[in-house]
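Just below is one structure, and these are the notes that go with it.
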Amino acid sequence: MQSAAIEIRDAEFFYGSTRAVVVPGLEIAKNRITAFIGPSGCGKSTVLRAINRMNDLVPGARVTGEIRFNGHDLYGPDIDPVEVRRRIGMVFQKPNPFPKSIYDNVAYGPRLLGIRDKARLDTIVESSLRDAALWDEVKNDLKKSGTRFRAGSSSGCASPAPSLSSQRSS
């Protein structure tokens, strides 16, 4: 019998005082591809963002109940949410930016890898946006919020999801 990589128990997901989603129980198996399928607005992205702690960056968003990854409580006091985001990748149908600037959304990954040099980050951001055919569209708006940006792109990105047992302190 295969154990679960992700377990959700008695979870409720809120935006302010509005309860958006209730998940009484859910297990996602290890080493399997899992898709959340449902109509628009049913809470698929809310649950996914809660699993990889992206909702921590959304003002007023909160989670009750229990979400575990490989046995670790993802909302435990000893868990670094940035490390969770490094280890649990998600693929969304449409862009799902952090509530940060366009520049900071693109620079997020390189910064996680320790790149701090502004000139190097500038080069990476421009190159990445050129490769995505977005540079001409956004080059004058890099300081604007990524959540307001509505490019024609529908691409997503993912990262591997190893265990949380080897957390790196920053």
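Here, each number is a calculation from the coordinates, and none is a lab measurement. Here the structure is a predicted model, which means the values were calculated and not measured. No Cβ is skipped: glycine too gets one built from the backbone with ideal geometry, and neighbour counts run over all protein chains shown.
Couple of notes before you dig in:
- For the chain, the longest piece that avoids every one of the trypsin sites (Lys or Arg not before Pro) found in DSSP loops with at most 16 other C-beta atoms within 10 Å covers 33-99.
- Answer label, with Cα Rg over 2.2 N^0.38 Å calculated from the coordinates and candidates (i) 1.19; (ii) 1.09; (iii) 1.05: (ii)
- The range 4-84 shape via C-alpha gyration tensor axes, a/c threshold 1.5: oblate
- Proximal lysines relative to Lys94, as straight alpha-carbon distance under 23 Å, when same-chain residues fewer than 8 apart are discounted: Lys44, Lys139, Lys143, Lys144
- Helical runs assigned H by DSSP (4 residues or longer) give the chain a calculated mean residue ellipticity at 222 nm of -7000 deg cm²/dmol, each run adding -39500 (n - 2.57) before division by the residue total.
- This ranking places Ile6, Ile67 by how few other beta-carbon atoms lie within 10 Å of each, fewest first, which gives Ile6, Ile67.
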